[in-house]
1. So for region 80-89 (the condition being at pLDDT 90 or above, in a helix (DSSP H, G or I) and aliphatic (A, V, I, L, M)), does at least one residue qualify?
2. Give me the residue from region 358-374 that is touching a Phe, Trp or Tyr at 6+ places or on another chain (Cβ under 8 Å) and open to solvent by 10 Å² or more (accessible area, probe 1.4 Å) and, out of that set, nearest to MET143 (Cα to Cα).
3. Applying the selection to region 103-142, what residues are in contact (Cβ under 8 Å) with a residue 40 or more places away in the chain and acidic (Asp, Glu)?
4. Sort out which residues of region 108-130 are open to solvent by less than 30 Å² (accessible area, probe 1.4 Å) and under 18 Å from the mean Cα position of the chain (by Cα), and write them in order of number.
5. Would you call ILE131 in a helix (DSSP H, G or I), at pLDDT below 90 and β-branched (Val, Ile, Thr)?
6. Could you figure out which of (1) open to solvent by 30 Å² or more (accessible area, probe 1.4 Å); (2) under 23 Å from VAL322 (Cα atoms); (3) touching a helix residue (DSSP H, G or I) at 6+ places or on another chain (Cβ under 6 Å); (4) at pLDDT 90 or above isn't true of GLN377?
7. Take region 23-35 and flag every residue that is assigned to a helix (DSSP H, G or I) and either open to solvent by 20 Å² or more (accessible area, probe 1.4 Å) or of a type in the set (Ser, Thr, Tyr) (or both).
8. Taking the conditions exactly as written (hydroxyl-bearing (Ser, Thr, Tyr), open to solvent by less than 10 Å² (accessible area, probe 1.4 Å), out of contact with any Cys (no Cβ under 8 Å at 6 or more places or on another chain) and at negative phi), does SER8 satisfy them or not?
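The values are calculated or read from the model by the stated rules, or taken from the named source; none is laboratory data. On a predicted model such as this, the values are computed, not experimentally measured, just so you know. All Cβ positions, even for glycine, are placed from backbone atoms using ideal geometry, and neighbour counts span all protein chains on display. The protein model used for the area step is the full one, side chains on, heavy atoms only, and it has no ligands, DNA or RNA in it. Shrake-Rupley method; radii C 1.70, N 1.55, O 1.52, S 1.80 Å.
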Amino acid sequence: MTHQQTASAIMIINLIASKAYMERPYLVPLLAYRAVRLTVEHGLCGISSVAFGIYGVVLGCMGNIKAANRFGKLSLRLLDQFGAKQWLPRVYCCVFGGIFPWSEDLRECAGHLQRAFTVGIETGDVEFALISASKCCHFLLLMGDPLPALLKQMKDFDDHIADTQKENSLKVIYHSTRCIVEALMESDHDKAFEMIGQYSQISPSMCSTSKFLTSYWIPSKEILLATIYSDYGRAADSAKLFAKFVNGSANTDIDVPFFYIYDSLSRITHCQTYKKGTIISRRKRRQALRITRSHIANIEKTNVKFNPRTFSGIVFLLKAEVQALKGNTIAAHKHYVSSMALFQQNRMLSMHAITCERAGRLFLSDDQQNTKAIALQYLNDATDSFDEWGATGRANELRQEIGTLRNNN
């Protein structure tokens with residue numbers, strides 16, 4: 001096989017892998033292995049950087065973060081060594097979109113993905129420019145960056161992609177992310193959820209044929225919005241779709257630890273709606289505790305070990321929920337405070353707001369005297385964080401609730 005044939009073969013594998021990652025993820029490990037094997041057998045070339053990047057993504061999804069980081073760094077070195085600018089968007093999507101997020105700050109990864117978008121537009125690699133834009137905005141949304149600034153960033157992306165290729169699943173993914181940002185900024189609760197229905201209308205043909213869109217990407221956004229508005233019944237419905245896709249998939253994405261938060265909150269809140277002491281109440285309670293503890297163990301095993309700055313706060317929040325469900329108010333409060341401090345330190349505004357609200361709910365449900373003032377303080381803190389984040393609708397709802405609670409005092 002000639003050098004050009006090797007490069008062409010790896011290019012074909014790369015084209016297939018980008019589609020398979022969404023719709024046939026179990027094929028990606030085989031494709032990654034084949035691309036690396038071709039490079040080992042026939043020598044290095046510019047596109048070898050892409051082959052090693054794909055392989056690193058697979059290793060990361062399998063939980064081998066150290067090895068994934070090594071392949072990610074190798075991919076970047078080869079990209080620089082061969083000066084292969086045309087492959088930069090693909091390499092950066094693999095490295096900063098699928099490998100380094102496990103161990104590095106998501107905001108830093110988003111910065112590199114912005115560059116990948118720019119280079120992709122310049123070189124005509126529109127597919128990976130769209131992937132870079134989607135991942136960049138998605139990371140900033142997960143980290144709770146201010147929504148107005150994020151929407152401005154997306155409008156800048158829009159100026160470059162408006163006239164690109166026809167509607168496809170990548171555009172649906174990008175526009176659905178923008179839709180959730182606009183919904184979160186909506187001042188009216190009902191209008192925000194009404195906007196969610198626009199997902200399936202963005203491109204009905206794509207949504208009807210893409211399992212990735214209907215069972216993973218869109219539900220992940222619906223879970224976020226429902227959790228922000230404390231609509232845990234709706235969150236639970238979307239969580240079932242998301243979990244089914246992830247459990248039956250060959251890959252695991254950085255979305256999953258954030259999903260664990262929303263899944264646990266919806267389960268714990270749902271089990272509290274049943275009358276205490278009944279058989280179904282006890283069964284739902286045991287199930288919620290078992291699944292939440294499993295989520296905590298999974299996050300500690302992989303995410304906290306390699307990226308404690310981002311994920312330690314999530315673990316403390318879930319531990320607080322476990323203790324709150326067990327009725328240990330003091331222990332739960334201790335974990336809530338630790339979680340708030342970490343989220344505030346890392347400027348994760350959305351997670352800080354959720355944690356403050358959950359702490360406020362804990363003290364509202366406490367039968368002891370003089371806890372209402374503490375609850376109101378935490379709810380006020382949650383309102384301030386939602387305001388700072390840009391979720392004005394949720395902030396307004398909390399203000400009305402706080403006013404009602406004070407009037408009933």
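1. Within region 80-89 (the criterion being at pLDDT 90 or above, in a helix (DSSP H, G or I) and aliphatic (A, V, I, L, M)), the answer is yes, since at least one residue qualifies.
2. Keep residues of region 358-374 that are touching a Phe, Trp or Tyr at 6+ places or on another chain (Cβ under 8 Å), which gives 358-360, 362-363, 371-372, 374.
Now narrow it down to the ones that are open to solvent by 10 Å² or more (accessible area, probe 1.4 Å): 358, 362-363, 371-372, 374.
Details: ARG358: 18, LEU362: 24, PHE363: 27, THR371: 31, LYS372: 30, ILE374: 27 Å.
Among residues in region 358-374 that are touching a Phe, Trp or Tyr at 6+ places or on another chain (Cβ under 8 Å) and open to solvent by 10 Å² or more (accessible area, probe 1.4 Å), the one nearest to MET143 (Cα to Cα) is ARG358.
3. GLU104, ASP105, GLU127 - these are the residues of region 103-142 that are in contact (Cβ under 8 Å) with a residue 40 or more places away in the chain and acidic (Asp, Glu).
4. Correct list: CYS109, ALA110, LEU113, LEU130.
5. Details: in a helix (DSSP H, G or I): yes; at pLDDT below 90: yes; β-branched (Val, Ile, Thr): yes.
So ILE131 fits the description; yes.
6. Condition (3) is where GLN377 drops out.
7. Hits for region 23-35 are GLU23, TYR26, LEU27, PRO29, LEU30, LEU31, TYR33, ARG34.
8. No, not satisfied.
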